[in-house]
1. Output the number of the condition that residue 110 fails; it satisfies all remaining conditions of (1) out of contact with any strand residue (DSSP E or B) (no Cβ under 6 Å at 6 or more places or on another chain); (2) touching a residue at least 60 places away in the same chain (Cβ under 8 Å).
2. Would you be able to tell me the number of residues in the stretch 38-59 that are under 21 Å from residue 140 (Cα atoms) and aromatic (Phe, Trp, Tyr)?
3. Give the residue, chosen from 96, 88, that is under 13 Å from the mean Cα position of the chain (by Cα), of a type in the set (D, E, K, R) and farther than 15 Å from residue 46 by Cα.
4. Please enumerate the residues belonging to the stretch 131-150 that are at pLDDT 95 or above and buried (at least 17 other Cβ atoms within 10 Å of the Cβ).
5. All but one of (1) at pLDDT 65 or above; (2) of a type outside the set (Val, Ile, Thr); (3) farther than 15 Å from residue 136 by Cβ; (4) surrounded by 15 or more Cβ atoms within 10 Å (Cβ to Cβ) hold for residue 17; state the number of the condition that does not hold.
Amino acid sequence: MMIKKSTCSLIQFAFLFLLVGCGNPEGSTEKEEVQLYDTIQVTATAYNSVESQTKKRNPSIAAWGDTLKPGMQSIAISRDFLKEELLEHNDTVLIEGLEGPYLVKDKMNKRWTRKIDIYMGLDVQAARSWGKKEVEIYIPIKSEEIKKEE
């Protein structure tokens, strides 16, 4: 697996999620899981749900059958991430330079590797302005991977 280990980032994000609300409410005895993240470097582009950018009759339907709607924070991923079991449908990722979590809702053409496509609704100009960037994304560490490392 070609993951860039970033222990500092892992600790920062685990701490961030604890501060933002993963802590137990007063009086609760339930344990809440904290999601740990690792980082990988990817090429990020942007896309829209318009016919000129898709081969389908309905440009709002993603590869897994999800309906994309303007305002959703979702991404398409290159299929190598699926093969390497780094990401899967509905995983939550964080993207360097963008606010909030993004959900994996779409798959890209097989010709792409180490790439994500950020969904920008119908705003073609915003997608063009984004262009093509090298960014780090924070991907969830699967619980099986954590157990292997312990």
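The values are calculated or read from the model by the stated rules, or taken from the named source; none is laboratory data. Keep in mind the model is a prediction, meaning the values are calculated, not measured. Here the Cβ is made from the backbone with ideal geometry for all residues, glycine too, and neighbour counts use every protein chain on show.
1. (2)
2. Residues meeting the conditions: 0.
3. Among 96, 88, only 88 is under 13 Å from the mean Cα position of the chain (by Cα), of a type in the set (D, E, K, R) and farther than 15 Å from residue 46 by Cα.
4. Once the filter is applied, which keeps residues that are at pLDDT 95 or above and buried (at least 17 other Cβ atoms within 10 Å of the Cβ), the stretch 131-150 yields 136, 137, 138, 139.
5. Going through the list (1) at pLDDT 65 or above; (2) of a type outside the set (Val, Ile, Thr); (3) farther than 15 Å from residue 136 by Cβ; (4) surrounded by 15 or more Cβ atoms within 10 Å (Cβ to Cβ), residue 17 breaks only (1).
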